[in-house]
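Asker: Sharing a structure with you now.
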Amino acid sequence: MGIGRKKQKKKRFAWMPENALLQSLMTSSAGVLAINWIFQGFLGMDKTDRYFKIGIGILLTVVFYVFFNYFFSWGIAVIFAVLVAHSLNWTLNGHLFVVGRYVGFTHNTEEQFWRYTHALAARVEACQAMNGAAVFGAVTRGAGFNETSDLDVRFIRQAGWQNGLYAAVFTAIERTRALFHGFPLDVYLLDDLRLLQRMRLDEMPILLSDPNNVLQNYYAETGYQWLKHVS
């Protein structure tokens, strides 16, 4: 695949105001970070992923409230606890280096990209709570690679609440791992195949794991690729 250089990707949101000044504010570095901090990818999440993130946020809020309540009044303690918990959840269980593509601090090489992808595939393959995993995005459309390319992945979990909890923990750990590696991993956990309908029709997904052939069956007509045949 070809390598291109791209200093900073321009962010386009699903909704953009008609006012040019508001557009400029939204797509500025500060605006992109602020919007991502507020919403934290909730709109792209399936139920298990969303509920787990909300649960972690509530737990962190309670912990920080107990701490701040020793030093401030209860009202101030609540505000500080919510802000710190929300920020920590955004940082550790979010997509900071994916956002960095639009801010200017995310840069990658093609070798690093595929090396990380292969390592992720091995970890997903070993996770019994997962029913499949695939890569989407520009690399699956033949658009080539550039230094701001992110790894756009969807995990599909096995049925059952225990598998759901384990898969959500696994996904959160992978987001945290990507943070400490400075890697742009844009990963979401799906409860089933329904949200795959949101993916672009011109993408030929790269399969990382498919133990029960659910992804191979789903994409039997439109086509798919295996990671080992791509990189």
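The values are calculated or read from the model by the stated rules, or taken from the named source; none is laboratory data. Because the structure is a prediction, the values reported are computed rather than measured. We place every Cβ from the backbone using ideal geometry, glycine too, and count neighbours over all the protein chains shown.
Asker: Quick one: is residue 176 out of contact with any Lys or Arg (no Cβ under 6 Å at 6 or more places or on another chain), touching a residue at least 60 places away in the same chain (Cβ under 8 Å), crowded, with 18+ Cβ neighbours inside 10 Å and not in a loop (DSSP other than H, G, I, E, B)?
Answerer: So residue 176 does not fit the description; no.
Asker: While we're on this one: For the subset of segment 85-115 comprising residues that are buried (at least 17 other Cβ atoms within 10 Å of the Cβ), farther than 20 Å from residue 32 by Cβ and touching a Phe, Trp or Tyr at 6+ places or on another chain (Cβ under 8 Å), which member is modelled with the highest pLDDT?
Answerer: Only one residue tops the list, namely 85.
Asker: Now, a different point. So which residues in segment 115-160 are among the hydroxyl-bearing types (Ser, Thr, Tyr) and closer than 18 Å to residue 223 by Cα, if there are any at all?
Answerer: 140
Asker: Which residues, counting only those in segment 140-169, are of a type outside the set (S, T, N, Q), in a helix (DSSP H, G or I) and surrounded by fewer than 18 Cβ atoms within 10 Å (Cβ to Cβ)?
Answerer: Those that are of a type outside the set (S, T, N, Q), in a helix (DSSP H, G or I) and surrounded by fewer than 18 Cβ atoms within 10 Å (Cβ to Cβ): 161, 165, 166, 169.
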